[in-house]
Amino acid sequence: MQRGCVDDTLTVTADEQFYTLLGVRPDGVASVVDLVAASDLPYARDRARALLREHASCHLVEVWRDGAMIEQLAR
């Protein structure tokens, strides 16, 4: 992941591996989205657990990679 020059945004390049984490409320709405640049699932799981701690409205976090849901971590 690289920092953009002008506005200090993050840019994901095609050669990077990443996970998408969706923090899901009890009503099924994904109220939190986090993009994690990582090649290993244990790191993504740690970040998913942190999302659950940080966002009380989420009752589970879905872990996605390459358009497929890999797992769900619940409270």
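Nothing in this text is a laboratory measurement; each read-out follows from the coordinates by a stated rule. Keep in mind the model is a prediction, meaning the values are calculated, not measured. Cβ sites come from the backbone with ideal geometry, for glycine too, and all protein chains shown count toward neighbours.
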Quiz item: outside any loop (DSSP other than H, G, I, E, B), closer than 11 Å to L21 by Cβ and in contact with a His (Cβ under 7 Å, 6 or more places away or on another chain): does that describe V63?
Solution: no
Practice problem: Hey, can you tell me all the residues within region 26-75 that are charged (D, E, K, R) and exposed (fewer than 15 other Cβ atoms within 10 Å of the Cβ)? | Solution: D27, D40, D46, R49, R53, E54, D66, E71, R75
Practice problem: State all residues of region 23-56 that are in a strand (DSSP E or B) and touching a helix residue (DSSP H, G or I) at 6+ places or on another chain (Cβ under 9 Å); if no residue qualifies, say none. | Solution: G23, V32, D34, V36
Exercise. Scan region 28-57 for residues that are in contact with a strand residue (DSSP E or B) (Cβ under 9 Å, 6 or more places away or on another chain) and of a type in the set (K, R) and jot them down.
Key: R45, R47, R49
